[in-house]
């Protein structure tokens, strides 16, 4: 009996030590995984806080609107909602600052529900992300609205959608063409969302950015993710061991191989594809191929459907060192894990445009010529929107 108690006590001691070590290892692994992903963005001043702390500056940015009007513009802005083929679109809405209606077009005083069908064929279609849609600016302060105000001979339709990138904008253009609409001209305003996503994940250029916010919208991948979930797989140390596996770092961007995490375990793949950013030496080819292939497609569509087109490389508030919504730019650069890649990618594309290697119009430095360029970190002020409209008209 004495020996039994002795061995039991010894076993209990070893078990307790092993259990505590196991817990400690998983805690350390959890900290490593989450520290890699953490992005606090403490240096970004939110627009509502800016309005509260410096209302006079915000009124200057909004060209004389009252504090209450500015607050309403910020709070009224619609969000993304689901779309059956494009994954997401803007929420259809109607209030004093935003109206989104037919074909998810953002209306203004010149293009709206009363004349959409009359003017959309033969009109100028403008595609882009949230900066084109006009997040945090009213309907009469988007650059498409300024185009309509300045150019009485054309009708400009705002097809901008928050979070859209050029590949998805092309999909949307194709959908409108399939429905029978025909433009006179198409304008694309891109750079910010494309470059951010191209540098934030390690997919190949053809698969980046993903159509949806995540690369796993299908039922198939959702089921695979659920089926691969287990208590063992959920342990931080197991996750860390898989994510540190060098073969996945080299192969996970190839979604056509059945041996990669994308198919083997979608949950782990999502962690890995964001954790291991593209190598800076591979960036030149990736971003160049992205725009080059898209431009070929746009050109062929323009020839087939008989419209003119222009593609603009846009100002990027993340790279604007004078951005009044960044409290400390040096700290902000260190917080944004892909800042170096974004900055480098912008340099690459601007150089390619300058050397006539890409048929795009570079207006990336236009924010330097506006006194107040942004209404928040990334979205354009009325002044910058007006200047963009003037540049577009100069290039017509």
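The values are calculated or read from the model by the stated rules, or taken from the named source; none is laboratory data. Just so we're clear, the structure is a prediction, and the values are computed from it rather than from any experiment. All Cβ positions, glycine included, derive from the backbone under ideal geometry; neighbour counts span all protein chains shown.
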Among the listed residues 338, 385, 356, which satisfies the condition of being on the phi > 0 side of the Ramachandran plot and in the same structural domain as residue 147 (by TED's automatic domain parsing)? 356
Flagged pairs (Cβ under 9 angstrom, 6 or more apart or on separate chains; first in segment 80-95, closer than 21 Å to residue 178 by Cα; second surrounded by fewer than 12 Cβ atoms within 10 Å (Cβ to Cβ) and at pLDDT 90 or above) are 90/79
Taking segment 41-57 and the residues there that are in a helix (DSSP H, G or I) and without any contact (Cβ under 8 Å) to a residue 24 or more places away in the chain, the one that is nearest to residue 73 (Cα to Cα) would be 51
If you check residue 227 against the conditions, is it over 30 Å from residue 342 (Cβ atoms) and at pLDDT below 95? yes
Looking at 205, 162, which one is assigned by TED's automatic domain parsing to the domain that holds residue 353, modelled with pLDDT of 80 or more and touching a helix residue (DSSP H, G or I) at 6+ places or on another chain (Cβ under 7 Å)? 162
Restricting to segment 113-155, count the residues that are in a loop (DSSP other than H, G, I, E, B) and surrounded by fewer than 16 Cβ atoms within 10 Å (Cβ to Cβ). 7
Within segment 165-180, track down each residue that is out of contact with any strand residue (DSSP E or B) (no Cβ under 9 Å at 6 or more places or on another chain) and either outside the structural domain of residue 295 (by TED's automatic domain parsing) or part of a helix (DSSP H, G or I) (or both). 167, 171, 174, 175, 177, 178
Restricting attention to segment 359-368, report how many residues are in contact with a strand residue (DSSP E or B) (Cβ under 6 Å, 6 or more places away or on another chain) and either in a helix (DSSP H, G or I) or not assigned by TED's automatic domain parsing to the domain that holds residue 156 (or both). 0
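The rows are residues; the columns are (1) outside any strand (DSSP E or B); (2) farther than 27 Å from residue 52 by Cβ; (3) out of contact with any strand residue (DSSP E or B) (no Cβ under 8 Å at 6 or more places or on another chain).
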| site | (1), (2), (3) |
| --- | --- |
| 65 | yes, no, yes |
| 69 | yes, no, yes |
| 73 | yes, no, yes |
| 78 | yes, no, no |
| 82 | no, yes, no |
| 85 | yes, yes, yes |
| 89 | no, yes, no |
| 97 | yes, no, yes |
| 108 | yes, yes, no |
Filter result for the condition that a residue is buried (at least 19 other Cβ atoms within 10 Å of the Cβ) and either assigned to a helix (DSSP H, G or I) or under 17 Å from the mean Cα position of the chain (by Cα) (or both), over 352, 303: 352
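A quick yes/no check of all residues on (1) at pLDDT 90 or above; (2) closer than 30 Å to residue 318 by Cβ; (3) not assigned by TED's automatic domain parsing to the domain that holds residue 162:
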position	(1), (2), (3)
24	no, no, yes
37	no, yes, yes
42	no, yes, yes
51	yes, yes, no
55	yes, yes, no
60	yes, yes, no
67	yes, yes, no
75	yes, yes, no
80	yes, yes, no
Testing residue 371 on (1) within 18 Å of residue 389 (Cβ to Cβ); (2) at pLDDT 95 or above; (3) in a loop (DSSP other than H, G, I, E, B), one condition comes back false. Which one is that? (2)
I'm trying to understand the selection: among the residues of segment 132-149, which are over 26 Å from residue 48 (Cα atoms) and out of contact with any helix residue (DSSP H, G or I) (no Cβ under 6 Å at 6 or more places or on another chain)? 148, 149
When you go through (1) under 20 Å from residue 43 (Cβ atoms); (2) at pLDDT 95 or above; (3) out of contact with any helix residue (DSSP H, G or I) (no Cβ under 6 Å at 6 or more places or on another chain) one by one for residue 316, which number turns out not to apply? (3)
Looking at (1) without any contact (Cβ under 8 Å) to a residue 40 or more places away in the chain; (2) surrounded by 15 or more Cβ atoms within 10 Å (Cβ to Cβ), find the lone condition where residue 75 falls short. (2)
